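A.B. asks: Quick one: this structure, given as structure tokens, is what I'll be asking you about.
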Amino acid sequence: NPAFIDDVFETVESATDRLAKVLSQLRKKQAAQSKSRMTNLATIIQKVVEQRNLDKPEVTIDAIENCELSIDSDTFFSVLNHLIQNAQEATSDDGWVKVGLSTDEHHVKITIEDNGSGMSQEFIEKRLFKPFDTTKGNAGMGIGVYEAKQFIESIAGVINVISEENTGTMFTVELPLNPVF
């Protein structure tokens, strides 16, 4: 069946492209580990929110504290941008997305919350953090949340998600103020 053969070649080419992109990102990640510098996380969050507000729904900053951390600011910006973009894409234009930043004596806590479509517990457990698993069809590679988790864990942080279908989602990123590697 010629149509089947064409489809197989297209699938293999797509997988090859995805793998090439992941390998490129992994190479960049190795080079980026030396790019950590003291960064004001509130400033990064404000810049990401400003950029994301070119799309709907509008992202608001719920609460924010100044906090400096030694981090690769470009990768951190990219991770936050992706998580907020996902929240916007899961939320109707008249919904809301909120971002917060708080600290205690040991941790930084960043929350990204929306009242969008939400996710099932099964999806969170089995698919959310898996590479190449996307619900966006050809619009995504399925590595954004996976990459976010990898980056956050590489700097001794934790990413958690609480979600309820048709109600919304909250991602929580916790980073140590004084990481020990």
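A.B. asks: What number comes out for the charge environment of K35, summing +1 per Lys or Arg and -1 per Asp or Glu over other residues with Cβ under 9 Å away? Don't jump to the answer; show the numbers that get you there.
C.D. replies: On the way: positive: R37; negative: D72, D74.
Net of charged neighbours comes to -1.
A.B. asks: With a 1.4 Å probe and all protein chains in place, put F151, F9, F129 in order of accessible area, largest first.
C.D. replies: Per-residue accessible area, sorted high to low, gives F9, F129, F151.
A.B. asks: With axes computed from alpha carbons, what is the tilt in degrees of helix 2-32 against the longest principal axis of the chain, rounded to the nearest 10 within 0 to 90?
C.D. replies: Roughly 30 degrees between the two axes.
A.B. asks: Something else now. Pull out the extension gain between N166 and S70, defined as 0.36 nm times the separation in residues minus the alpha carbon to alpha carbon distance; nm, one decimal. Could you put the intermediate results ahead of the total?
C.D. replies: Details: separation 96, 0.36 × 96 = 34.56 nm, distance 3.73 nm.
Going from the current span to full extension adds 30.8 nm.
A.B. asks: Could I have the simple spin-label model distance between S117 and L19, label points 7 Å from Cα toward Cβ, reported in nm to one decimal?
C.D. replies: Here the modelled spin labels are 3.0 nm apart.
A.B. asks: OK, next. Working from the alpha-carbon coordinates of the chain, get Rg over Rh, Rh being the Kirkwood radius.
C.D. replies: Answer for the chain: 1.01.
A.B. asks: For the stretch 108-114, take each phi angle, set θ = phi - 60°, evaluate the Karplus expression 6.51 cos²θ - 1.76 cosθ + 1.60, and give the result in whole Hz per residue in order, putting x for glycine and proline.
C.D. replies: Values, residue by residue: 10, 10, 10, 10, 10, 10, 9 Hz.
A.B. asks: Applying 1/(1 + (r/R0)^6) with R0 = 45 Å to the Cβ-Cβ distance of N1 and E153, what FRET efficiency is obtained, to the nearest 0.05?
C.D. replies: 0.50
A.B. asks: Just flag the trypsin sites (Lys or Arg not before Pro) in the stretch 67-137 sitting in loop per DSSP whose Cβ has no more than 10 other Cβ atoms within 10 Å. Don't skip to the answer; put the middle values down first.
C.D. replies: Working: sites: K98, K109, K126, R127, K136; in loops: K136.
Passing sites in the stretch 67-137 do not exist.
A.B. asks: Under 5 Å between amide hydrogens, which residues at least 5 positions from I61 or on another chain qualify, with H placed 1.01 Å from N in the peptide plane?
C.D. replies: Sorted by chain and number, the residues that satisfy this are V99.
A.B. asks: Remind me, relative contact order of the chain in percent, using alpha carbon pairs under 8 angstrom and six or more residues apart?
C.D. replies: Values: 286 pairs, mean separation 33.4, N = 181.
Once divided by the residue count of the chain, the mean separation gives 18 percent.
A.B. asks: While we're here: Have a look at the DSSP beta bridges in the stretch 1-107 and tell me what percent are antiparallel, nearest 5. It would help to have the intermediate numbers written out before the result.
C.D. replies: On the way: 4 of 8 bridges.
Percent antiparallel among DSSP bridges in the stretch 1-107 is about 50.
A.B. asks: Something else: Expected output is a single nm value to one decimal: the length gained when fully extending between R127 and F9, i.e. 0.36 nm times separation in residues minus the C-alpha distance. What is it? Don't skip to the end; give the middle numbers.
C.D. replies: Values: separation 118, 0.36 × 118 = 42.48 nm, distance 2.55 nm.
In short, 39.9 nm is gained.
A.B. asks: Let me ask another. Could you state, as a whole-number percent, how many of the C-alpha pairs of the stretch 33-96 are farther apart than 18 Å? If you can, show how the numbers build up before the last one.
C.D. replies: Numbers: 779 of 2016 pairs.
Of the Cα pairs, 39 percent sit more than 18 Å apart.
A.B. asks: Ignoring ligands, DNA and RNA, what accessible area per residue does the chain give at 1.4 Å, in Å²?
C.D. replies: On the way: 10940 Å² over 181 residues.
Accessible area per residue, the chain: 60 Å².
A.B. asks: Same structure again: Tell me, what is the FRET efficiency for E50 and E89 to the nearest 0.05, using R0 = 22 angstrom and their Cβ-Cβ distance as r?
C.D. replies: Numbers: r = 18 Å, r/R0 = 0.82.
Calculated transfer efficiency: 0.75.
A.B. asks: First compute the accessible area of the stretch 31-125 with a 1.4 Å probe, then give the percent of it belonging to carbon and sulfur atoms.
C.D. replies: Answer for the stretch 31-125: carbon and sulfur cover 43 percent of the accessible area.
The values are calculated or read from the model by the stated rules, or taken from the named source; none is laboratory data. Remember, it's a predicted structure, so these values are computed and weren't measured experimentally. All Cβ positions, even for glycine, are placed from backbone atoms using ideal geometry, and neighbour counts span all protein chains on display. Ligands, DNA and RNA are stripped out before the accessible areas are found, and what is left, the full protein with its side chains, is counted by its heavy atoms. Shrake-Rupley method; radii C 1.70, N 1.55, O 1.52, S 1.80 Å.
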